[in-house]
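To keep things clear, I will list the structure first and then write my remarks on it.
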Amino acid sequence: MKEIVKYNIINYELIKIRKNTPILEYLKRNNFSFRLKQVTPKTLEQLKISDNFIDMEYGNFIAGYGQLKGNDFRSSGGLKISDPQENIRGSFIIEDKRIIYDVVQPFYEERDSFVYGSGPEFYTSMPMLDILKEELNRKRQYLIYMGQKLNGCRLEEQFDEVSKSELLEYAQNREKGEYILNKIRYY
């Protein structure tokens, strides 16, 4: 079993998730919106047994999910994950049939990032890379956002398709993201 803790304003609720169920899939299925924060294993243990409020530093989140604000994959909302320590640039946008790496900014720095804050907050000791790996177990298309291209009068989003292992490299190596950031095309 995997364990996460839900913050309920006056107490904390321990939630056990079956090993073969991805954490984000469980949270998405049971919440219309949420934020997931990484804490140390020691802090997670304290949260599991606490009957009082624990004053924790507000920080960056691993994952956020909320109602989409538009049809563009870069719109606020949807299911997104980022590195809370900011060692890896950008966000991984997780859709039903594809995962897109967008190097531009982490989801928690988006202009409309408040869309993720209307639901409950959860805590986990799992790192971002392990959470992403759970999502990579489903068959999807893996894409890197490469900017926009002018097609007649319209701008079209440009993507490079990569393998699962290549996408994982972007989640482990900041330099790969920096390289993409310098290659993004804006027309």
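The values are calculated or read from the model by the stated rules, or taken from the named source; none is laboratory data. Since we're looking at a predicted model, the values are computed, not measured. In this analysis, Cβ positions are derived from the backbone assuming ideal geometry, glycine residues included, and neighbour counts consider all displayed protein chains. Accessible surface is based on the protein model in full, side chains and every heavy atom, while ligands, DNA and RNA are left aside. Shrake-Rupley method; radii C 1.70, N 1.55, O 1.52, S 1.80 Å.
Take the residues in segment 1-25 that are within 17 Å of ILE131 (Cα to Cα) and open to solvent by 60 Å² or more (accessible area, probe 1.4 Å); name whichever of them is modelled with the lowest pLDDT.
Step by step, filter segment 1-25, then rank; the result is MET1.
Checking GLU134 against (1) closer than 30 Å to ASN8 by Cβ; (2) not in a helix (DSSP H, G or I), which single condition isn't satisfied?
Every condition holds for GLU134 apart from (2).
If you take the residues of segment 130-145 that are surrounded by fewer than 16 Cβ atoms within 10 Å (Cβ to Cβ) and not charged (D, E, K, R), which of them is nearest to GLN172 (Cα to Cα)?
Checked segment 130-145; the qualifying residue nearest to GLN172 (Cα to Cα) is ASN137.
For GLY59, all conditions in the list (1) closer than 18 Å to GLU121 by Cβ; (2) without any contact (Cβ under 8 Å) to a residue 40 or more places away in the chain; (3) open to solvent by 30 Å² or more (accessible area, probe 1.4 Å) hold save one; what is the number of the exception?
(3)
What residue, among those in segment 62-77 that are of a type outside the set (Gly, Ala, Ser) and at pLDDT below 90, is most open to solvent (accessible area, probe 1.4 Å)?
If we take residues in segment 62-77 being of a type outside the set (Gly, Ala, Ser) and at pLDDT below 90, then ASN71 is most open to solvent (accessible area, probe 1.4 Å).
Which ones in segment 137-155 are at pLDDT below 95, of a type outside the set (A, V, I, L, M, F, W, C) and either in a strand (DSSP E or B) or at positive phi (or both)?
Across segment 137-155, the qualifying residues are TYR145, GLY147, GLN148, LYS149, ASN151, GLY152, ARG154.
For segment 26-56, name all the residues that are over 21 Å from GLN85 (Cβ atoms), among the aromatic types (Phe, Trp, Tyr) and surrounded by 14 or more Cβ atoms within 10 Å (Cβ to Cβ).
TYR26
Just checking, which of PHE92, PHE34 is under 23 Å from ASP112 (Cβ atoms) and touching a Pro at 6+ places or on another chain (Cβ under 7 Å)?
Answer to the selection: PHE34.
Here are TYR26, TYR123: which of them is over 30 Å from GLY147 (Cα atoms), without any contact (Cβ under 8 Å) to a residue 24 or more places away in the chain and either touching a strand residue (DSSP E or B) at 6+ places or on another chain (Cβ under 6 Å) or of a type outside the set (Gly, Ala, Ser) (or both)?
None of the others qualify; the one that does is TYR26.
Under 6 Å between Cβ atoms, which residue pairs at least 6 apart in sequence (or on different chains) link something in segment 156-185 that is part of a strand (DSSP E or B) with a partner that is loosely packed, with under 15 Cβ neighbours inside 10 Å?
GLU156/LYS149; GLN158/LYS149
Quick check on MET126: is it closer than 16 Å to GLN38 by Cβ and either at pLDDT 95 or above or of a type in the set (A, V, I, L, M) (or both)?
yes
For segment 113-131, give me each residue that is hydrophobic (A, V, I, L, M, F, W, C) and closer than 15 Å to LEU79 by Cα.
Listed by number, the residues that qualify are PHE114, VAL115, PHE122, MET128, ILE131.
Which ones in segment 63-80 are among the hydrophobic types (A, V, I, L, M, F, W, C) and either in contact with a Ser or Thr (Cβ under 7 Å, 6 or more places away or on another chain) or more than 24 Å from ARG174 (Cα to Cα) (or both)?
Of everything in segment 63-80, just one residue is among the hydrophobic types (A, V, I, L, M, F, W, C) and either in contact with a Ser or Thr (Cβ under 7 Å, 6 or more places away or on another chain) or more than 24 Å from ARG174 (Cα to Cα) (or both), namely LEU68.
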